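Notes follow the structure.
The values are calculated or read from the model by the stated rules, or taken from the named source; none is laboratory data. Bear in mind that the values here come from a model prediction, so they are computed numbers and not experimental data. Cβ sites come from the backbone with ideal geometry, for glycine too, and all protein chains shown count toward neighbours. Side chains included, ligands, DNA and RNA excluded: accessible areas come from the protein's heavy atoms. Shrake-Rupley method; radii C 1.70, N 1.55, O 1.52, S 1.80 Å.
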Amino acid sequence: MKVSYTNIQFSILICSLIITLNVSAQYFDFPSKVIDKSNLLITYSLSFKQDSTEPDLKRQEDMYLFIGEKTSLFISKNFYHLMHLGRAAEREGKLDNFFNEMSTGKYRARFTYSIYKNYPKGMLSYTDKVLPTFFLYEEDMKSFQWRLINDQDTMNGYYVQKASMQYGGRIWNAWYSPEMPISDGPYKFSGLPGLILKISDSHEHYVFEMTEIERLEKDVFLEILEMDWVKTNRKDFLKAEQNFRNDIINRAREAGADSHSQQAAARSMAKRNNPIEF
């Protein structure tokens, strides 16, 4: 099956899927393990500046936080639906139609990571692809040290308090609500005495804001893919990401992209110079 590279916003994801096909003859329908179930879904809007040379250009993506009985999952809304609908399409033999939908940008996702908090217990697990490798690393949740600040406000009708921490080369300021006794929040952030409703770095390059909280009619199973993860640590993963950015033309060529698409991928990657972690 040949996949078109007409939408450069999807080129990285498409390349990833092609590489996956070569090694496992699968696109979406990987074996998975259910680690928890959730009936509480919190949606955050992420506003971010991916290009430090264009500080006035903001991008946006909706993100999901599923709160399970013991574990939570944080993932891009579009990527979550992309993977689940893609799995169904693959099982039904309808991948051609699904890839045509993808090429229109319907399921565009700029973030393909999954973050499982308290899995394993006391740790968070971070999974993502850096072509052509599937990576997994863990971090001790106790290493996230908050400083509580005596500032108060209201947000979305909830009483909130402020906290701050340093992480990933940035200073983060969070507003959490003790009225919502859920010690969790967007991205890797958790551990406060209440749900984080808003968090941003000090330069507001990355801003997460809660937009919706809902009880689901049916439980959602929280799954982690069972594949040959390359287990690493955060530092080496960030190095792999940087190496990928620096070598994007060769990586695109290896994935089967033509010269035009290689150059387009390089231009696109050059604008992604402001990652959330350094």
### Query
Of all residues in the range 134-153, which are assigned to a strand (DSSP E or B) and either open to solvent by less than 80 Å² (accessible area, probe 1.4 Å) or touching a helix residue (DSSP H, G or I) at 6+ places or on another chain (Cβ under 6 Å) (or both)?
Phe134, Phe135, Leu136, Tyr137, Glu139, Asp140, Ile149, Asp151, Asp153
### Task
Scan the range 231-270 for residues that are under 18 Å from the mean Cα position of the chain (by Cα) and aliphatic (A, V, I, L, M) and jot them down.
Leu238, Ala240, Met269
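Quick grid of which residues meet (1) within 24 Å of Glu69 (Cβ to Cβ); (2) in contact with a Lys or Arg (Cβ under 9 Å, 6 or more places away or on another chain); (3) acidic (Asp, Glu):
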| site | (1), (2), (3) |
| --- | --- |
| Leu136 | yes, yes, no |
| Asp151 | no, yes, yes |
| Thr154 | no, no, no |
| Asn173 | no, yes, no |
| Leu195 | yes, no, no |
### Message
From the list Lys117, Lys70, exactly one residue is at negative phi, out of contact with any Leu (no Cβ under 6 Å at 6 or more places or on another chain) and basic (Lys, Arg). Which is it?
### Response
Lys70
### Task
May I ask you to list the residues in the range 226-244 that are in contact with a Pro (Cβ under 8 Å, 6 or more places away or on another chain) and exposed (fewer than 13 other Cβ atoms within 10 Å of the Cβ)?
Glu226
#### Entry: Members of the range 115-133 that are in a loop (DSSP other than H, G, I, E, B) and under 30 Å from Asn274 (Cβ atoms)
Asn118, Tyr119, Leu131, Pro132
## Note on the structure
Considering the range 82-106, residues that are basic (Lys, Arg) and in contact (Cβ under 8 Å) with a residue 24 or more places away in the chain, and then whichever is surrounded by the fewest Cβ atoms within 10 Å (Cβ to Cβ), we arrive at Arg91
### Message
What pairs come out if I take residues in the range 34-49 that are over 16 Å from Lys70 (Cα atoms) and pair them with residues that are of a type in the set (Phe, Trp, Tyr) whose C-beta lies under 6 Å away, six or more apart or interchain?
### Response
Tyr44/Phe208; Leu46/Phe208; Phe48/Tyr206
### Task
Tell me which residues, restricted to the range 1-30, are modelled with pLDDT of 70 or more and touching a strand residue (DSSP E or B) at 6+ places or on another chain (Cβ under 7 Å).
Phe30
#### Entry: Single residue of Glu223, Glu204, Glu217 found to be over 28 Å from Pro31 (Cα atoms) and open to solvent by 10 Å² or more (accessible area, probe 1.4 Å)
Glu204
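Residues checked against (1) without any contact (Cβ under 8 Å) to a residue 60 or more places away in the chain; (2) touching a His at 6+ places or on another chain (Cβ under 6 Å); (3) in a helix (DSSP H, G or I); (4) within 30 Å of Asn39 (Cβ to Cβ):
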position: Ile224; (1), (2), (3), (4): no, no, no, yes
position: Met227; (1), (2), (3), (4): no, no, no, yes
position: Ala240; (1), (2), (3), (4): no, no, yes, no
position: Phe244; (1), (2), (3), (4): no, no, yes, no
position: Asn250; (1), (2), (3), (4): yes, no, yes, no
position: Gly256; (1), (2), (3), (4): no, no, no, no
position: Gln262; (1), (2), (3), (4): yes, no, yes, no
position: Arg272; (1), (2), (3), (4): no, no, no, no
### Message
Checking Gly194 against (1) at negative phi; (2) modelled with pLDDT of 95 or more; (3) in contact with a Pro (Cβ under 7 Å, 6 or more places away or on another chain): exactly one of these is not met. Which one?
### Response
(1)
### Query
Quick one: would you say Thr112 is β-branched (Val, Ile, Thr), within 21 Å of Leu225 (Cα to Cα) and touching a Leu at 6+ places or on another chain (Cβ under 9 Å)?
yes
## Note on the structure
Output for Cβ contacts, cut-off 8 Å, separation at least six or different chains, first residue of a type in the set (Ser, Thr, Tyr) in the range 111-124, second in a loop (DSSP other than H, G, I, E, B) and crowded, with 18+ Cβ neighbours inside 10 Å, reads Tyr116/Thr71; Tyr119/Thr71
